[in-house]
1. Quick one: check the C-alpha center-to-center distance for the stretch 28-88 versus the stretch 139-165, whole angstrom.
2. Enumerate by residue number the chymotrypsin sites (Phe, Trp or Tyr not before Pro) in the stretch 449-540 meeting two conditions: DSSP loop (anything except H, G, I, E, B), and at most 15 other Cβ atoms within 10 Å of the site's Cβ.
3. Sum -39500 (n - 2.57) across every DSSP H segment of at least 4 residues in the chain, then divide by the residue count to get the 222 nm mean residue ellipticity, nearest 500.
4. Suppose a student asked you for the relative contact order of the chain, using Cα pairs under 8 Å spaced at least 6 residues apart; what percent would you report?
5. Between the stretch 166-205 and the stretch 453-473, how many Å separate their Cα centres?
6. For the chain, build the charge dipole from Cβ charges (+1 Lys, Arg; -1 Asp, Glu) around the Cα centre, then report which of TRP283, GLY37, ILE200 sits farthest towards its positive end.
7. Write down Rg/Rh for the chain, rounded to two decimals, with Rg from the C-alpha atoms and Rh from the Kirkwood relation over Cα pairs.
8. If one computes P(r) from the Cα atoms of the stretch 23-179, what percent of pairs lie at distances over 24 Å?
Amino acid sequence: MKKSIFLFTLLFLCLQAGAQEILWPVSGHKAGENIIGQPQGYVGDEFNFSHLFIGCKDTDIIICPVDGTVGTYLGSYYHSLNYGLSIGLDSSKTFDQWLQDEDLGSGVNKKYVSKQIGIKMADGRHLLIIGLKGDWQFKTGQRVSAGDTLGYAGYAYKAFSQPNITIELTRGGKPVDPMAPFGLETTFKEPEQIKREDPISVEKAREDLAVLQEAIIDAYPSLDELMSREEFVRRMDSLKNTITRPLQLRGEFRGKLMQVCQIVHDSHIALLPDGLPAKEYDWRTPALYYISFGDTIKVLTSTEPFKEHIGKTVKSIDGVSAKDHLKEASKYIYGYDVNVRSSIDESLVMLYGAEEIMYIDKGPLKSSHVEFTDGSWAEIPYVTSSRNNGVLPGDNIRRMNMWYRIIRASKDDWFTEELNDSTAYLGLKTFFLDEVNVEGIRDYLGDCTKENLIIDLRNNNGGHVEVMNQLLSYLADKPLDKQKGGFSKVNSNTVYDSFKYCINYTNQMELFPDFHSKEGKDGFYSVEKPFVIYPDSLAHYSGKIYLLTNGASYSAATIFPSVLVRNRRGVTVGRETGTAYHFLTAEKFADIQLPNSIQTLRIPLIKAVFDTTVCERTPAGRGLLPDYPVPVTENEIMMGEDGQTDVILEYTLGLIAQNKYLSDSDPFAEADSQLQRQSDKLWIYLFASILLIILITVLAIRHARAGTERIGGE
């Protein structure tokens, strides 16, 4: 009998656990109490797809519904259900003091500014609570438990007159049901599947490219760095004309969109993944797996029938020399800024990526005629480039994969090592670091007593500017001038017509009202305030800094070493960065969804200039060039003679052993002197103008007085 009662109780508890998976966030209230807005309903005249709004009193305590890790912790204000501001908080101030001091711009009612906290759950879901107030503090990366106090209820959204919070649940960035986990009968509905043609017709494919063309002209502010508008239109028209038959979406049409990314090659433009069902498409490459370095193409591996050619050097492909074949293939590489060369060189190492798009562009091909430098030749068929294409594995493949995955393969976002008695190593995979990780790096750098520090930024895709600034403060030995004549540019300070196809903004939004026109220039500008990085008072590394960079060091991974190099606080080793030194185009992005193919291209909206100094050390249109360049070689790709050697790292250790560091002369000295002379002239002209105005004013007053005295005398 007791056993039966126990089993019944256990079953009951299990059913309850399944019914209510997470805690109701309003302390002392039952699940479902005082819901004032739910999915598939309306908030005013706005359709509410996925938010769960809960009405509260301003004295209600909001608790954490789940165990997890803090992913985001920010200030929050929503202009509409689909558009809001996220604002960094100041942990040194109370929430009320921060809110009072913070300049949030026009159109923001501070009554409806609150805090939001995002919690990463163990099952991959992300729970977001908006509408918190109070002085509880959290750090990203911090562990929280179900039942922990998060704050008091504030106002999540301006449409409600009473205090309220909102709950959102997502998985992989997509909304999921926010009601069933509380044991509530749900109103949430999965989004309806979008229908589209596959293959896409010639007419609709060209129409999508035309939409994208207009969006780039309308919104992308750095086009003039690459080409004239007329040249861009000509190249886009030429691309449209290559579409002469229906194209499969997943491969062939996306291949055309990749070519658009090559025309407008920018390290922050991105073709987003296709999340909708599509017909499968086999990307195709030659049955020989090529690698390249310099002007050389070699066969790394092959399918079984052609294994006799492994290790051979290619003389020509279809009558085109290896050098010219690589030149043609480079036209299909994208993801770099302006005239950066290293990103192209590194992408061409694994030649199959360019070969895939070349195959689409040239139309269906059965084989290629390949001649080798040893006098032999072969007809090489095109095969699927999936992992199951029969390509032979081998030690060379393992070595090349190790080279390709340096840093990016690490399971940790940052890691350290003591390389020898005088040298420490800090590997930075990303600048998307939470506060707990930043504090870990701070503690490491503050305690590091090694004479030399190698910071590895290879294959680092960038991240948060705030994180970058914090890390720079731990390395600064004096105030670091972060900007040298910096400014920002956008294409419009009102609305963007092309945003009728944008899924994250509307074509009624004015994103940049604080930007202004300049006489004689197109676009709208915001002059950046002088920004100086000051040494951190608690943590400081004072030794020599060697920064490893390559063509996949993007965004913050370009600015970070640029600030140190520009202020003579470190040297770079390796290759040019993938993002341009003088500027990047980023910060805000428009996700343009094409109406027929439902493919999405992310277009950056702000051109942010870091430095206006053009000199031999920082030539126009290039990434940050290395102080100690290391060209791509077969030895590096194959990870040295033993297959385990990081060639660039070993080269850097050699520089340290030879005590090679900063150059004797400052490469920026002449440019800075010229800039200072121009600045001095400007101040002289300004001072002279003021004196002239004063003189004219004094003479005018005297003349007026003299006239008055004559009239009085008469």
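A short reminder: the numbers here are calculations on the coordinates, not readings from a lab. Computed from a prediction, not measured in an experiment: that's the story for all the values here. Cβ placement follows ideal geometry from the backbone for every residue including glycine, while neighbour counts extend to all protein chains displayed.
1. Comparing the Cα centres of the stretch 28-88 and the stretch 139-165, I get a distance of 8 Å.
2. PHE531
3. Helix contribution divided over all residues of the chain: -9000 deg cm²/dmol.
4. Here the relative contact order equals 11 percent.
5. Centre-to-centre (Cα) distance: 35 Å.
6. Value: GLY37.
7. 1.02
8. Working: 3366 of 12246 pairs.
Of the Cα pairs, 27 percent sit more than 24 Å apart.
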